[in-house]
Amino acid sequence: MPKKILIATSGGDCPGLNAVLRSFVKRASLEPEWEVWASLQSFNGLLSIPQRLIRLDKKVVSGIHVKGGTIIGTTKESGPFNWPVKQADGTLTYVDRSDEMIKICRYADFAAVVNIGGDGSQKMSQRLFEKGLPIIGIPKTIDNDLCATDLTFGFQSAVDVATEAVDRLVSTAESHNRIQILELMGKHSGWIALHAAIAGGAEICLIPEIPYDIAKIKRFLLERFAGEKPFAVVAIAEGAMPRGGKAMGTKMHANISDKLAGAAERFASELKEAGIESSIRCTILGHVQRGGIPVAFDRVLGAQYGVKAFEMIKEGRFGHMVSYQNSEMTAVPFTEAIRQLKTVEPDSYLVHAAKSINICFGD
């Protein structure tokens, strides 16, 4: 009998997911006793009736490393611990189907399960492991906020997209003497905004880790305008907040975390209220950061993650997540990976470097 592996991508999509799938399958194909199966739309495919599972072989994954997204689909609005059930009145309730899912995996003779996802996904992996499922994780998030790994694939592709947006806004800001505010992803961490601000040359960078003081930003802008540069570009993370304030959040429902939106518009209003008379425009990059072709760095990183994940299964290192540390592939327990979010340290050298080239954080 073949040894079967079930693989799923959960949470938000990002560039590089297909590169991981391809490398995992190609590595597994070197040993004929192994079969790789995928659950479509995260673990929903496994729990659906009828099931939506597909066999992944070298033919299926051929050439997919250059494609964005994931060929097996993903979701972050359901799962084994929060399965939606429609009631007679049309409302939804959520039930725990994790025990049922584990029984299905055992009945189907899956020797191992691989969950590719970010912080929320790996918390789910840990809970499933505690219930006895032989599972490993592969870190995935464009926000680069997963603890216990130096980098997550998808981050560099998102930064490149964000940097190009800053580059384009610089020219139009200068042409019209405007303040261009670019809202970027980063609910709890400002890695994308910080990297894009430095790479693109934004004058102001606002991130969740450093609440801003609008009075200090006003002073910075007036000094800049007095120096014959009456324009500016602002890179702002969606989770950025004024000192003493909160992030702009909208609660979807009990099983979905806050969706953040409006940071750029709020900041534009604060500038106007502070007396900044310049023309101001807001651009929200949104899911453009998630989509498209992964850059070479993310393809290479994803390939390493996929190979390492298969080797961890052979070694029986369940309850662990693949980790990239000091340019080497290793493994860390789920408990370490989800211990806390990896956020920007305000006193880090990267922030110091940004401030040293006159990027204002409003602190």
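Here, each number is a calculation from the coordinates, and none is a lab measurement. Given the structure is predicted, the values throughout are model-derived calculations rather than measurements. Glycine gets a Cβ as well: all are built from the backbone with ideal geometry, and neighbour counts include every protein chain shown.
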### Query
Here are several values of semi-axes √(5λ) of the Cα gyration tensor in Å: [x] 35, 27, 17; [y] 41, 22, 17; [z] 56, 20, 16. Which one was derived from the coordinates shown?
[y]
## Note on the structure
Residues whose modelled amide H sits under 5 Å from the amide H of Leu285, counting only those 5 or more places away in sequence or on another chain, are Glu183
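Ranking Met248, Met185 by Cβ neighbours within 10 Å, fewest first, what do you get? Each step should come with its number before you reach the end.
Working: Met248 20, Met185 25.
Ranked by crowding around the Cβ, least crowded first: Met248, Met185.
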### Task
For Leu206, enumerate residues with amide H under 5 Å from its amide H, sequence gap 5+ or separate chain, H modeled in the peptide plane.
Ala235, Ile236, Ala237
### Query
Tell me, what HN-Hα J-couplings in whole Hz come from the Karplus equation 6.51 cos²θ - 1.76 cosθ + 1.60 at θ = phi - 60° for each residue of segment 140-154, using x for Gly and Pro?
8, 5, 6, 6, 6, 9, 8, 5, 6, 9, 5, 9, 10, 5, x
## Note on the structure
Relative contact order of segment 10-107 (C-alpha contacts under 8 Å, at least 6 apart) in percent is 31 percent
## Note on the structure
Within segment 157-291, pairs of Lys residues whose Cα atoms are less than 28 angstrom apart, provided they are eight or more positions apart or on distinct chains, add up to 18
### Query
Using alpha-carbon pairs under 8 Å, 6+ residues apart, how would you state the relative contact order of the chain in percent?
22 percent
### Message
Sorting check: for 272-285, 87-100, 43-56, which peptide has the highest mean count of neighbouring beta carbons within 10 Å, and how do the rest follow?
### Response
43-56, 272-285, 87-100
### Message
When a/c reaches 1.5 or more, the comparison of a/b and b/c decides; with that in mind, is segment 157-291 rounded, prolate or oblate per its Cα gyration tensor?
### Response
oblate
### Task
Indicate, rounded to the nearest 5 percent, the antiparallel portion of the DSSP beta bridges found entirely in the chain.
35 percent
### Query
In straight Cα distance, which lysines are under 16 Å from Lys308, not counting same-chain residues fewer than 8 positions off?
Lys26, Lys140
### Message
Taking the beta-carbon count within 10 Å as an exposure proxy, list Cys205, Cys360 from fewest neighbours to most.
### Response
Cys360, Cys205
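Below 8 Å, C-alpha to C-alpha, sequence gap of six or more: please give me the relative contact order for segment 157-291 in percent. Mind dumping the intermediate values first?
Values: 269 pairs, mean separation 44.2, N = 135.
Rounded, it is 33 percent for segment 157-291.
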### Query
Got a sec? How would Val233, Val61, Val288 order by Cβ neighbour count within 10 Å, fewest to most?
Val288, Val61, Val233
